[in-house]
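The values are calculated or read from the model by the stated rules, or taken from the named source; none is laboratory data. The structure presented is a predicted model; accordingly, all values stated were derived computationally and were not measured. Every residue, glycine as well, gets a Cβ built from its backbone with ideal geometry; the counts of neighbours run over all protein chains shown.
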Amino acid sequence: MSIQTFYMKSTFHLPKYIFLTCIVPVIYSCNQPGVKQLQLCNTLDMERTDELIVFTRSKAEALAGTIPPDGYVLLSNKQQPVVVQYDDLDADGKWDELAFLQSFKSKETVTLDMSVADAPAPVKAVVRAHVRHRKKNADNSFGPVITKDTMPFGNPPTDFSKIPLPPYLTEGPAWENDKVGFRLYFDTRNGKDVFGKRIPAMVMDSIGANYNNSYHELSDWGMDVLHVGKSLGAGSVAIATKNKAGKDTFVRLGGTDVKQQTYEVITDGPVRAIFRIHYAWQINGNPVSIIDETSVWGGQYFYESKLTIAGAPAGAKLVTGFADFYDNSPGQVDTSGIKIFYSFGAQGEAKDNLGLAIGVRSDNFSAHTRTTDTLTDIRNSYLVSQNIETGAPVLYRFYSGWSKSDAMFDSENGFHNYLQQQAIKWRKKIEICIEKK
């Protein structure tokens with residue numbers, strides 16, 4: 001359910017599933033009545049661009065002072081308002097979290113002014129994150145953005161030899177930021193795909209609306225860069241378990257064993273976008289519930305998924321992965337409590353350089369492998385398995401680095417270095433920056 005989204009000065013919190021590392025607040029009063037100062041400290045010897053900073057309402061109140069039910073927390077940097085997003089996560093009409101992006105130079109301390117107000121700051125924000133889902137009308141146009149939708153049971157993939165446009169724009173929900181875009185096939189495949197972007201504008205509201213303009217061909221905005229086929233594409237999900245005969249197998253989250261699949265928008269830009277997919281699934285005839293919460297925010301070449309699983313078979317593992325087609329070489333990064341597995345090469349649809357990767361926390365990692373053509377219906381995939389614990393969400397990040405998006409992805413060395421920095425930023429221990437007044 002969506003949200004009040006506003007743009008202005010800001011505050012912040014760290015939810016469990018978003019790791020803001022090495023950036024810690026220090027609050028002290030300043031001379032202006034009603035205004036406090038918030039210090040954010042980058043202790044790393046590297047730049048940190050567009051760090052997502054999130055505060056729960058209670059944390060914001062602890063830092064800024066009492067917030068009325070209809071009040072807001074404002075932030076400014078050197079008297080310039082900061083773009084802040086206020087998210088009503090439980091749809092009760094009152095914001096629960098606020099989020100903003102902040103960049104840091106190496107070992108820089110940033111000081112923001114913080115105050116409570118009865119209205120958001122009148123700041124015009126550039127939208128840097130967006131999620132959308134649109135259905136096709138009878139006249140082959142696409143309707144407005146939908147915030148909640150249940151997929152028809154057993155919805156088949158579109159046969160484009162018979163139907164020029166699918167029932168949903170780009171075949172299902174799409175999410176993007178100013179760096180990269182993604183989509184989910186809202187049918188029995190339940191696959192995920194990548195749109196490489198060459199411009200920062202939000203483009204997914206219109207891509208695919210005209211069948212004469214194929215997103216499989218390079219355009220000014222970019223293109224669909226990934227061949228998915230029967231692979232796990234761009235971070236699709238499966239379960240590693242035993243079948244009814246007791247044989248180890250992988251079961252894709254899809255097909256007619258998914259009895260219900262519901263899409264729900266939680267929040268939509270300008271700083272971050274979050275949506276959930278609720279799956280009522282069956283494995284070997286037994287019910288399994290999965291809630292997949294996906295987040296994307298400005299300035300990053302990844303999305304983040306947090307999966308809450310109930311009813312998984314004993315000993316089962318959560319599996320995600322990415323496509324293994326064309327010319328690519330595998331590699332990995334293992335540092336700072338994070339494991340990232342990747343492939344790089346001329347594996348884009350236009351045979352240009354493309355890096356794909358899955359990142360997980362080391363303490364939840366189980367195995368990394370590559371499919372064979374005889375294993376299951378999941379083919380041509382690199383796989384990363386994680387442990388499933390009752391009541392504990394399973395988290396992963398999917399990265400995509402396309403050479404036409406950024407020159408750092410021209411080479412495997414560039415992609416590897418990018419992932420190594422990402423790992424350090426993700427889990428580096430938080431240190432408190434202490435400065436005297």
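Numerical summary
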| quantity | calculated |
| --- | --- |
| Odd one out for Lys107, checked against (1) in the same structural domain as Val271 (by TED's automatic domain parsing); (2) in contact (Cβ under 8 Å) with a residue 60 or more places away in the chain; (3) part of a loop (DSSP other than H, G, I, E, B) | (1) |
| Residues satisfying the stated conditions in region 76-99, i.e. among the basic types (Lys, Arg) and surrounded by 14 or more Cβ atoms within 10 Å (Cβ to Cβ) | Lys94 |
| Counted residues, region 303-329 - those being over 19 Å from Lys242 (Cβ atoms), in a loop (DSSP other than H, G, I, E, B) and touching a residue at least 40 places away in the same chain (Cβ under 8 Å) | 3 |
| Residues of region 182-224 satisfying the condition of being without any contact (Cβ under 8 Å) to a residue 24 or more places away in the chain and of a type in the set (Lys, Arg) | Arg183 |
| Every residue from region 351-379 that is in a loop (DSSP other than H, G, I, E, B) and at pLDDT below 95 | Thr371, Thr372, Asp373, Thr374, Leu375, Thr376, Asp377, Ile378, Arg379 |
| Within region 236-302, strands (runs of 3 or more DSSP E) holding 3 or more residues that are modelled with pLDDT of 95 or more, farther than 23 Å from Thr390 by Cα and not assigned by TED's automatic domain parsing to the domain that holds Asp92 | 258-268, 272-283 |
| Residues located in region 110-158, provided they are of a type in the set (Asp, Glu) and either touching a Pro at 6+ places or on another chain (Cβ under 8 Å) or closer than 23 Å to Pro68 by Cβ (or both) | Asp113, Asp118 |
| Region 141-181, residues that are surrounded by fewer than 17 Cβ atoms within 10 Å (Cβ to Cβ), touching a residue at least 60 places away in the same chain (Cβ under 8 Å), of a type outside the set (A, V, I, L, M, F, W, C) and out of contact with any Asp or Glu (no Cβ under 6 Å at 6 or more places or on another chain) | Ser141, Thr150, Gly154 |
| Top-ranked residue of region 110-127 - restricted to ones that are among the aliphatic types (A, V, I, L, M) and part of a strand (DSSP E or B), ranked as nearest to Lys425 (Cα to Cα) | Val110 |
| Gln102 within 25 Å of the chain's Cα centre (by Cα), closer than 25 Å to Ser295 by Cα and crowded, with 23+ Cβ neighbours inside 10 Å | no |
| Selection within region 138-167 - farther than 21 Å from Val258 by Cβ and not in a loop (DSSP other than H, G, I, E, B) | Phe142 |
| Filter result for Arg276 (surrounded by fewer than 22 Cβ atoms within 10 Å (Cβ to Cβ), closer than 21 Å to Ala238 by Cα, basic (Lys, Arg) and without any contact (Cβ under 8 Å) to a residue 40 or more places away in the chain) | yes |
